[in-house]
Amino acid sequence: MSEVEKPKKKTRSFDLTKGAVHKHLIRMALPMIIGLSASISFTFVDSYFIAKLGTNEVAAMGFVSRMVMIYFSVAIGLSAGVTSVLAHVAGSGDQDEVKKLATNTLIMTAILSLAISIFGYLTIDPIFTAMGANEHVLPHVREYMMIWYLSPLFVILPMTGGGVMRALGDTKLQGNLMLVSAFANAALDPLLIFGLYGFPELGFAGAAWASLITRFISFAVILYALHYQYNVICFSKETINTFAASLKKILHVGIPATGTNIIIPIVAAIVISIVARYGTEAVAANHVATTIEMISLVLFFSTSAVVGPFIGQNLGARKFDRIDECIKSVSIFCMAWGLFVAIAIALTAPTLAGLFRKEPEIIALAQSYLYVVPISYGLYGIVMSVNAMFNSLGKPMPGVAISSIRVFFLQLPLFYIASEFYGLEIAFITISISNAIAGVIGYLWIKDTVNKLKHA
């Protein structure tokens, strides 16, 4: 008998098919809120210190962050695939299959990370030039990405590993690790950017090195926890022989989920190329506004991260009433929190924008974004949660369709037309319109899908 057939101990997991729905969601969401808040602060902290270097550096960070988010989206998509498949298996109680899927996920992650690094090093200049980076900004972009492309494995594995943990109903370790990593990044940023206390003064590259070091720490801890705490890593011959089968299961959800997630940063990259026509200051203003936006949306990211495993386990157990309750609770929360955030940002927009840059034109344009786009955050939160729900149901294509409608059929054409004829201030309104329409479509679609599954 193989090691997989006779495990030394049970896989650690939490049963999400019993008990109060809202209590499970809150228990899983709280660590993710703390952790994702801290993780998103990577960009916030980097932007804060980089802003002290100059406008070109801020603009470079705007380009860099869009590309990094594309790769993050790949990791998020794979994580969604892992979470969906493993949650179903965990709900059915097959621990051996959990081990096989988790281990093969790590192998897949290593292969993908190597491919990203090679591709990235070969395409830095042509990709960022196509995005609109000029001769003043491109050297800074190149400086940062040459370091960042050392880290894909340290970025992607913690996210796919976190997907394994979420599928088992546990978000605590991942959330705590994100928090620790954020504090480490915040401490290293000024030391390496400005050369404080004897550290080398690396300037813009210092932010990249700070992120690389902290990502490596997360990588090491996640790998250790998956093996020794969760007992899901098993490099046996039997496990390796199931690699192709595991890959097929994960990619069935993972590829469409990656498509759904990667659409957002790709469109953001296209948007920033449109914004770049208005100059470096406009790019800097857009980066300031979207950085604030990322922090404001953290609760929605957290919610979408926990609804997947909850629905996945309850689908495996055929408990559709609990799935209905989850959809209702999440939708009410998204609308309530979205309203609160919109009001809070509207009241503080000038102050928030001024934290990054003092130039009046940058602050004014950032304000224009922050006054109109947050109005749609509630419905955008529903879009994010609904996409995660479809992934967990093993039906990722509706999520792809909803995201495609939002950005390709609404946001991009409307944004381009508005920016061409009316200016960026009006163009920002089209983002709100796109979010709102997609949110309504997503809610109606997920309700109809679950109802059909219930009566199938």
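Among A187, A220, I375, whose Cα projects farthest towards the positive end of the dipole of the chain, with charges put on the beta-carbon of Lys, Arg (+1) and Asp, Glu (-1)? Farthest along the dipole direction, towards plus: A220. Phi-derived couplings, Karplus 6.51 cos²θ - 1.76 cosθ + 1.60 at θ = phi - 60°, listed residue by residue for the range 336-341: 5, 5, x, 5, 4, 5 Hz, with x used for Gly and Pro.
At a Förster distance of 22 Å, what's the computed FRET efficiency of K52 paired with R142, Cβ-Cβ distance as r, to 0.05? About 0.60, to the nearest 0.05. Pairs K248/K452; K23/K319; K100/K452; K248/K395: which exceed 22 Å Cα-Cα? Violating the 22 Å limit, Cα to Cα: K248/K452; K100/K452. So if we plug the beta-carbon distance of A20 and A346 into 1/(1 + (r/R0)^6) with R0 = 25 Å, what FRET efficiency do we get, rounded to 0.05? That pair, A20 with A346, gives E of 0.10. Our coupling estimate for the range 400-416, obtained by passing each phi through the Karplus curve with A = 6.51, B = -1.76, C = 1.60 and θ = phi - 60°, is 4, 5, 4, 5, 5, 4, 4, 9, 7, 9, 10, 4, 4, x, 5, 5, 5 Hz, Gly and Pro reported as x. Averaging the sequence gap over all C-alpha pairs within less than 8 Å and six or more residues apart, then dividing by the number of residues, gives the range 21-454 a relative contact order of 24 percent.
With θ taken as phi - 60° and the Karplus curve 6.51 cos²θ - 1.76 cosθ + 1.60 applied, the whole-hertz 3J(HN,Hα) list for the range 75-86 is 5, 5, x, 5, 4, 5, x, 4, 4, 4, 5, 5 Hz, x standing for glycine and proline. Which of rounded, prolate or oblate describes the range 291-336 when judged by the alpha-carbon gyration tensor and an a/c cut-off of 1.5? It is oblate, given that a/c is not under 1.5 and a/b is not larger than b/c.
As I understand it, the dipole of the range 21-454 uses +1 on the Cβ of Lys and Arg and -1 on the Cβ of Asp and Glu, about the Cα centre. Which of A210, V58, F408 lies farthest toward its positive end? Most positive-ward Cα: F408. Among rounded, prolate and oblate, which fits the range 42-180 when a ≥ b ≥ c are the square roots of the eigenvalues of its C-alpha gyration tensor, a/c under 1.5 means rounded, and a/b larger than b/c means prolate? Prolate, because a/c is 1.5 or more and a/b exceeds b/c. The residues packed around G381, meaning those with a beta-carbon under 15 Å from its beta-carbon, carry a net charge of +1 if Lys and Arg are +1 and Asp and Glu are -1.
Among residues other than D189 with Cβ under 11 Å from its Cβ, the summed charge is 0 (Lys and Arg +1, Asp and Glu -1). To the nearest ten degrees, helix 424-454 and the longest principal axis of the Cα atoms of the chain are 10 degrees apart. Classify the range 355-447 as rounded, prolate or oblate from the Cα gyration tensor: take a ≥ b ≥ c as the square roots of its eigenvalues, call it rounded if a/c is under 1.5, otherwise prolate when a/b beats b/c and oblate if not. Since a/c reaches 1.5 and a/b is larger than b/c, the shape of the range 355-447 is classed as prolate.
Every number in this text was worked out from the coordinates using simple rules, so none of it is lab data. Only a predicted model underlies this, so the values are computations on that prediction, with no experimental measurement involved. With ideal geometry, Cβ positions are generated from the backbone for all residues, glycine too; neighbour counts draw on all protein chains shown.
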